[in-house]
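The values are calculated or read from the model by the stated rules, or taken from the named source; none is laboratory data. Please read these numbers as outputs of a predicted model, since none were measured by experiment. Every residue, glycine as well, gets a Cβ built from its backbone with ideal geometry; the counts of neighbours run over all protein chains shown.
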Amino acid sequence: MTSRIQNDVSKILTHDNNSPVLKLSGNGSLKYLKNRVEGLVNQFRSVIDNNSFYETAELIFSQVSDPKELAQCAELSSKREPGGAFYRAKLWAKVSQIIETKRKSNSNELRLSQVCSQAGVNLTRAKGFIIQGQAIINLEEAGIDTTILRQASPLLFQYAQRQKNGAKEYLIEAIKFLENNSEASHTQIHRNWCKSNGSIKTNLDIIKPSDWWAFSHPKWRKEEDFPGSIPGEIYANALYYFAPQSGIAVDPMAGSGMLKRVYDDREHWQKDSNFRLTIKLFDLYPRRHFIEKHDARIPLPIKADWMFIDPSYYGQSSHLYNDQLASANSYDNYLSIMKEIIVALAASLNSNGRLCIFLPKWSGLRHEDLNYDVPSDVSAMALACGLTWLDTAYVSRGRQQEPGSATKNNMAKHDRRMRSDTCVLNVFSKLG
Ligand SMILES: C[S@@+](CC[C@H](N)C(=O)[O-])C[C@H]1O[C@@H](n2cnc3c(N)ncnc32)[C@H](O)[C@@H]1O
């Protein structure tokens, strides 16, 4: 385009009524110019039109199979908003998939690092985009419509990436949130996620400075098939304060295997510790492949340096578990089983080993019910086995805040029967 036409076009576009071009009429020049402008505007539209960008990016995703070309396209799309972050992630994930497939079939020695250096992208950054893109692809393969995420900012995908294995779930929640609040910012989306899943700040807050432990948004979610697990933060604090750096750590009543999940995630809470523990899990009714069957009334097949038990609670767990503690028909019966367990576990401790016992008090619902101080009664058993009391922490059960507890709270006040809302963690040592 000549500079004269460019000048005229810009005048038309800016509605400059003194434009000499507008004064031209009848000789076809105005029509010519109008057509030029229309063509230019269409060209401009096609450059910035979201849909043609999305369509082209999808075509590249489905048809280009050369990792280096894909990586180039990924980096090109990053220059564009909206849609850039979404397609950068998706295309990098495809790069990684192709390299991996070729590596498995021994048909290619191309490495991700080579593709990265050719595309001018740091390897760690590319790995981050791959995690983001794989989460998007997983959603699409599960039949979930990701269209709404195309508009999302790069930060949303970075937050998803930080959730590691939870990246897909993060994006699912983001989609749901955006469907109800299409203008939501990444910060609002992230805040919504943190409300139910905890946050980086929660991670930093996992270790408590005092003996009062309350966790409003537990980081480790309950698994659907095991509603009776305790917040993982309790295991994290019990390890942090009372476990040796190395040795054998055992949960003889492991339930869902929460100890293993928390230990595997120790980079979130161990701070300057460097735990190198061997984790062993047992249960009378193992529910995970990594839990061995063992009755805690019998000494363990190994000796432990740190042990944590969260036994089925008296009078309130028969709907969750089948064991004798959960179904004990009297408090005496419950205590006699607990005594067998404590004797067997005390015998299974190495010298200087620690035993953590996590239990709530029992408060019956009716006025005539007796209260039972289960933590103290079981502590007496540990002392009788020659263990030495080391410390106690008090842990909120958060029952007052549970959904549907308003009536129970009112009844408790009306009947002058305090609900049991605290678990007690007593820690003992086997002095050598
Ligand atoms: C409250 S749950 C433990 C939950 C676990 N702390 C978690 O967070 O997943 C109690 C567990 O103790 C187990 N149990 C009860 N009696 C047992 C016994 N005699 N020996 C071994 N395990 C037993 C039950 O099967 C149940 O899985």
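Does any residue in region 295-307 that is acidic (Asp, Glu) come within less than 8 Å, Cβ to Cβ, of a residue that is within 8 Å of the ligand (Cβ to nearest atom) six or more places away or on a different chain, and which pairs are these?
Here the result reads ASP295/LEU284, each pair linking region 295-307 to a residue that is within 8 Å of the ligand (Cβ to nearest atom).
Keeping to region 214-241, report how many residues are more than 16 Å from the ligand (Cβ to nearest atom) and in contact (Cβ under 8 Å) with a residue 24 or more places away in the chain. Please lay out each step first, then the result.
Here is the first cut: in region 214-241, the ones more than 16 Å from the ligand (Cβ to nearest atom) are 214, 216-217, 240-241.
After this cut, where a residue has to be in contact (Cβ under 8 Å) with a residue 24 or more places away in the chain as well, the list is 214, 216, 240-241.
Total satisfying the criteria: 4.
Return a yes/no flag: does region 101-117 have any residue that is surrounded by fewer than 16 Cβ atoms within 10 Å (Cβ to Cβ), among the aliphatic types (A, V, I, L, M) and out of contact with any Pro (no Cβ under 7 Å at 6 or more places or on another chain).
No: zero hits.
Could you go through region 165-186 and let me know if any residue there is assigned to a strand (DSSP E or B) and surrounded by 17 or more Cβ atoms within 10 Å (Cβ to Cβ).
So the first thing to find is which residues in region 165-186 are assigned to a strand (DSSP E or B), and the list is none.
Looking through region 165-186, none of the residues is assigned to a strand (DSSP E or B) and surrounded by 17 or more Cβ atoms within 10 Å (Cβ to Cβ).
Looking at region 78-100, which of its residues are closer than 15 Å to PHE157 by Cα, part of a helix (DSSP H, G or I) and of a type outside the set (A, V, I, L, M, F, W, C)?
Within region 78-100, GLY84, TYR87, ARG88, LYS90 qualify.
Within region 297-306, which residues are surrounded by 19 or more Cβ atoms within 10 Å (Cβ to Cβ) and away from the ligand (no atom under 12 Å from the Cβ)? Reasoning before the result, please.
Residues of region 297-306 surrounded by 19 or more Cβ atoms within 10 Å (Cβ to Cβ): 300, 304-306.
The answer is ALA304, ASP305, TRP306.
Quick check, is LEU345 in a helix (DSSP H, G or I), within 12 Å of the ligand (Cβ to nearest atom) and either of a type outside the set (D, E, K, R) or crowded, with 20+ Cβ neighbours inside 10 Å (or both)?
Working: in a helix (DSSP H, G or I): yes; within 12 Å of the ligand (Cβ to nearest atom): yes; either of a type outside the set (D, E, K, R) or crowded, with 20+ Cβ neighbours inside 10 Å (or both): yes.
Spelling it out, LEU345 is indeed in a helix (DSSP H, G or I), within 12 Å of the ligand (Cβ to nearest atom) and either of a type outside the set (D, E, K, R) or crowded, with 20+ Cβ neighbours inside 10 Å (or both).
Condition test on ALA184, is it among the small types (Gly, Ala, Ser) and modelled with pLDDT of 95 or more?
Values: among the small types (Gly, Ala, Ser): yes; modelled with pLDDT of 95 or more: no.
Judged against the criteria, ALA184 is not a match.
Checking ASP332 against (1) under 23 Å from TRP220 (Cβ atoms); (2) surrounded by fewer than 18 Cβ atoms within 10 Å (Cβ to Cβ); (3) away from the ligand (no atom under 13 Å from the Cβ), which test does it fail?
Answer for ASP332: the failing condition is (1).
Considering only residues of region 377-414 that are within 25 Å of ALA347 (Cβ to Cβ) and of a type in the set (Val, Ile, Thr), which is farthest from the chain's Cα centre (by Cα)?
Once the filter is applied, the top-ranked residue is THR388.
Residues of region 219-260 being of a type outside the set (Gly, Ala, Ser) and touching a helix residue (DSSP H, G or I) at 6+ places or on another chain (Cβ under 6 Å), which ones?
If we filter region 219-260 for residues that are of a type outside the set (Gly, Ala, Ser), which is where we start, we get 219-227, 230-231, 233-235, 237, 239-242, 244-245, 248, 250-253, 258-260.
Those that are of a type outside the set (Gly, Ala, Ser) and touching a helix residue (DSSP H, G or I) at 6+ places or on another chain (Cβ under 6 Å): LYS219, TRP220, TYR235, ASP251, MET258, LEU259.
Testing ILE60 on (1) in the same structural domain as LEU171 (by TED's automatic domain parsing); (2) touching a helix residue (DSSP H, G or I) at 6+ places or on another chain (Cβ under 6 Å), one condition comes back false. Which one is that?
(1)
Within region 141-162, is there a residue that is modelled with pLDDT under 90 and assigned to a loop (DSSP other than H, G, I, E, B)?
Within region 141-162, not a single residue is modelled with pLDDT under 90 and assigned to a loop (DSSP other than H, G, I, E, B).
Could you tell me which numbered condition ILE357 fails, if it satisfies all but one of (1) closer than 21 Å to VAL424 by Cα; (2) at pLDDT 95 or above; (3) touching a Gly at 6+ places or on another chain (Cβ under 8 Å)?
(3)
Here is a check on your reading of the model: is ALA214 surrounded by fewer than 19 Cβ atoms within 10 Å (Cβ to Cβ), at pLDDT 90 or above and outside the structural domain of SER348 (by TED's automatic domain parsing)? First the steps, then the outcome.
On the way: surrounded by fewer than 19 Cβ atoms within 10 Å (Cβ to Cβ): yes; at pLDDT 90 or above: yes; outside the structural domain of SER348 (by TED's automatic domain parsing): no.
Taking the combined requirement at face value, the residue does not satisfy it.
Which one of these does TYR87 not meet: (1) crowded, with 22+ Cβ neighbours inside 10 Å; (2) out of contact with any Ser or Thr (no Cβ under 7 Å at 6 or more places or on another chain); (3) of a type in the set (Ser, Thr, Tyr)?
(2)
Of all residues in region 245-296, which are more than 11 Å from the ligand (Cβ to nearest atom), part of a strand (DSSP E or B) and exposed (fewer than 14 other Cβ atoms within 10 Å of the Cβ)?
SER246, ARG276, THR278
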